[in-house]
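Report on the following structure.
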Amino acid sequence: MRDFSLNKNMLHGEVQLSILGMRCAGCVSAIEGALANLNGVTFVSVNFADHSALVRGLVDTDSLIQTVKDAGFDAAVMEGFEDPELEEQLEINRYRKLIKKAVVAGGFGLLLMLNEMFEWLPDMNSATGRWFWPELALLTLAVLVYSGWHFYSGAIKSLQLRQANMDTLIALGTGSAWLYSCVVIDYSTYLPSLAKHAYFEAAVVILAFINLGTALETLARGKTSSAIRQLIGLQPRTARVIRDGVEFDIPIDQVGLAETIRIRPGEKIPVDGEVIDGYSSVDESMLTGEAMPLEKTLGSEVIAGTVNLTGSFIFKATRIGRDTALAQIINSVKQAQNSKPEIARLADKISGIFVPIVVGISVFTFIIWSLIGPDPAVSYAFVTAMTVLVIACPCALGLATPISVMVAVGRAAQLGILIRKGEALQTAGKITCLILDKTGTVTQGKPVVEQVEVLNDAYTPHEIIQLAASLEANSEHPLAAAILGEAHNNNLDLVNVEQFVALSGYGVTAKINNKHITLGNKALMAADDVQVSASSSLLDKFATLGQTPILLAVDKELVGIIAVADPIKKDSALAVQRFKKLGIRVLMVTGDNEITARAIAQLAGITEVRAQVLPQDKADIVIELQAQGEIVGMVGDGINDAPALAHADVGLAIGTGTDIAIESADIVILQGSLVKVAEVIQLSKITVLNIKQNLLGAFFYNTLSIPVAAGLLYPFMGVLLNPMIAGAAMAMSSLTVVSNANRLRWIKIA
């Protein structure tokens, strides 16, 4: 048995390959088929938009690369952070190379056309023509090899694999044009005068248009991944570490875990970490979409790629390399771009069988024109068959979906939305029912003091908070943090506490300045003989508002009530309004009690509430709604939401939540705003519409152009499509699809 553990190139999980040489959807099918047949590979997804392949399974990377090469392409493993400048330079070099090939072919073809137009070329049967035309054939062959060898070599390798792709069509069309022209030269005396036409100019001009179209497509496609390149470019090249008291800069890949790193004003943070000294504000807008800088103090988390502003601090590295949040975001975005929505898989299947059908139509066209076409029938047959081959290249069809998905995922990243699965981008726009968790999703997830009621004129609200905070400083109760936070916000000093006693489920008691202090719920007051009946209506009001009352008694007299609540986020109500405008049914599902849940729901504008729901029951609610025909979106942030997020048609995790929730979701909202969920839904609708526009355009183009190219209109209107025009139209169709998809980069989501 082979020892996989000893092979350093062994693939564990997944690998991303950069593919060179792809030119159509047929190429995608060829590569996916070749890789899928490799032992150990369990999943393959080839992205025509950014020329990459995502492969999962257990096989060495050398075998993957060799398999791609055997299929007629080239490949390299994409590891770590790519250099955005190098990647951009490679795209520019490819663009320039294609432009050169287009210029050479186009210039030569134009020269030939001008000479033919003004009848400057010698007759084939003349003394000059007998040596001129063979030399012209050789010169044309040289131009074809220079400008089109990548097509011819691809066609040969495709033929060896018993497949057909765009290269096959181009090679057949231009190659047959050259061969037919050679036959015309050699046997011109035996052909009718109307058939004595060489198509050298058609062959080279076709290559000129196709290379130009591919070059422009490369340029446009390069812009689609600019958001990802911006994310990659956030990673600084060096980090200033502190080792044995000495500060010095090291390359980013040499930073280790628990490394001590200094960040100065204006610097980018190199890795994820935790602040251990200093204070500053950090701009995290590129990763979260949040415009306001965030304060960073002792214990605060900092994220790689974000920008420090005015202060300086020292932090300890907690995640490095591929484990940083930035690396995970980039990886997730790439996976989303590589995953294929249902509409894309349909296009791939159609494209996979399209080329052989086109070849068949071309042969059929040749036969029909040869049998019933006007004289010279063979010449007409050849021209129409070649035009069918050239115009039918399914480039636009293959690009229609992946280019739109790629642009949309990049646009979402700019908005602070991480789309982890491409399918979710398609499905989000179809959501009919949205389930919202309460704590941390609709609400802030952090209790705060909402109001302080003073019941004894001897005390002020600040004194009530001061006494309560002094007791809570010794408590571990979740609501203690809210009271302590209120004391801190009002710069209140805590007083000395004696004889502190914590009573689980009730509250705390202690002595302050020899006074007996009781802080807790109604049950504790009753147990300590504190009368609360006079404040019953006040307590009921707090309950109706979804607030938790904490009662404070001094020497068995109730002196104040502190109302603590988890307030709704400032934009939750606005988000719910937008959901309703989109025609989406909204439910809030929570484990909290009915009264609190309904109070929060009312503030957010939600009418349907399911309260006191256990974590395992949330997933059952999703399944129940799906059984009713609803397409369910689930928004949550906690571990208890993970099962429901996984079961939902689209799971959306709030990025401020737990890692388990984020891993269970299809889409991650990097900041905590529910408005971003509405933006995802709108972006999904716009993207699907964009894909449909692309597919409709591509299908319409091929459906309309192939019959015209075959000469269907000739008997009625005398219209016959020129192969050169066909080449230009084919190139422009791809460029149109790419341009339409690129509109998503600037789309405004209101």
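Report the extension gain between LEU257 and ASP493 in nm, rounded to one decimal, defined as 0.36 nm multiplied by the number of residues separating them, less their alpha carbon distance.
81.1 nm
Mind checking which lysines have their Cα closer than 24 Å to the Cα of LYS556? Skip sequence neighbours fewer than 8 apart in that chain.
Straight-distance partners of LYS556: LYS511, LYS515, LYS522, LYS541.
So if R0 is 25 Å, what FRET efficiency would ASP244 and TYR279 give, r being the distance between their Cβ atoms, rounded to the nearest 0.05?
0.50
How much FRET efficiency would the formula 1/(1 + (r/R0)^6) give for ALA36 and SER153, where r is the Cβ-Cβ distance and R0 is 25 Å, rounded to 0.05?
Calculated transfer efficiency: 0.60.
Along the charge dipole of region 442-521, pointing to its positive end and built from +1/-1 on Cβ of Lys, Arg, Asp and Glu, which listed residue (LEU467, THR509, LEU494) has its Cα farthest out?
Checking the options against the dipole of region 442-521, the answer is THR509.
Please find the FRET efficiency linking HIS462 to ARG322, where r is the Cβ-Cβ separation and R0 is fixed at 51 Å, and quote it to the nearest 0.05.
Efficiency for this residue pair is about 0.50.
Under a straight-distance cross-link criterion of Cα-Cα below 20 Å, which lysines are reachable from LYS421, leaving out those fewer than 8 residues away in the same chain?
LYS334, LYS340, LYS430, LYS676, LYS685, LYS692
In nm, to one decimal, how far is the modelled label at VAL501 from the one at GLN577, with both set 7 Å along Cα→Cβ?
5.2 nm
Based on Cβ point charges of +1 for Lys and Arg and -1 for Asp and Glu, what charge dipole magnitude is obtained for region 385-471 about its Cα centre, in debye rounded to the nearest 20?
Result for region 385-471 is approximately 760 debye, rounded to the nearest 20.
Within region 556-592, whose backbone N sits under 17 Å from a point 7 Å along Cα→Cβ of SER533?
Counting backbone N atoms under 17 Å from the label point, the list is 557-558.
So how many Å³ per residue does the convex hull of the Cα atoms of region 132-179 work out to?
Roughly 61 Å³ of hull volume per residue.
Report the residues of region 26-40 in range of a label on ASP70: point 7 Å along Cα→C-beta, backbone N strictly under 19 Å from it.
In region 26-40, the label zone of ASP70 (backbone N under 19 Å from the point 7 Å along Cα→Cβ) covers 27-40.
Give the ranking of THR61, THR128 by solvent-accessible surface, highest area first, calculated with a 1.4 Å probe.
THR128, THR61
So which lysines can LYS316 reach, going by Cα to Cα under 23 Å and dropping same-chain residues fewer than 8 places off?
The reachable lysines, counting only those whose Cα sits under 23 Å from LYS316, are LYS268, LYS296.
How far apart, in nanometres, would the label points at MET717 and ASN93 be if each is projected 7 angstrom from Cα along the Cα-to-Cβ direction?
Here the answer is 4.7 nm between the modelled labels.
Can you list which of the trypsin sites (Lys or Arg not before Pro) found in region 529-635 are DSSP loop residues with at most 16 other C-beta atoms within 10 Å?
LYS556, LYS570
The values are calculated or read from the model by the stated rules, or taken from the named source; none is laboratory data. Predicted model, so just to flag it, every value in this text is computed and none were measured. Positions of Cβ are backbone-derived with ideal geometry, glycine not excepted, and every protein chain shown enters the neighbour counts. What goes into the accessible areas is simple: the full protein's heavy atoms, side chains included, and nothing from ligands, DNA or RNA. Shrake-Rupley method; radii C 1.70, N 1.55, O 1.52, S 1.80 Å.
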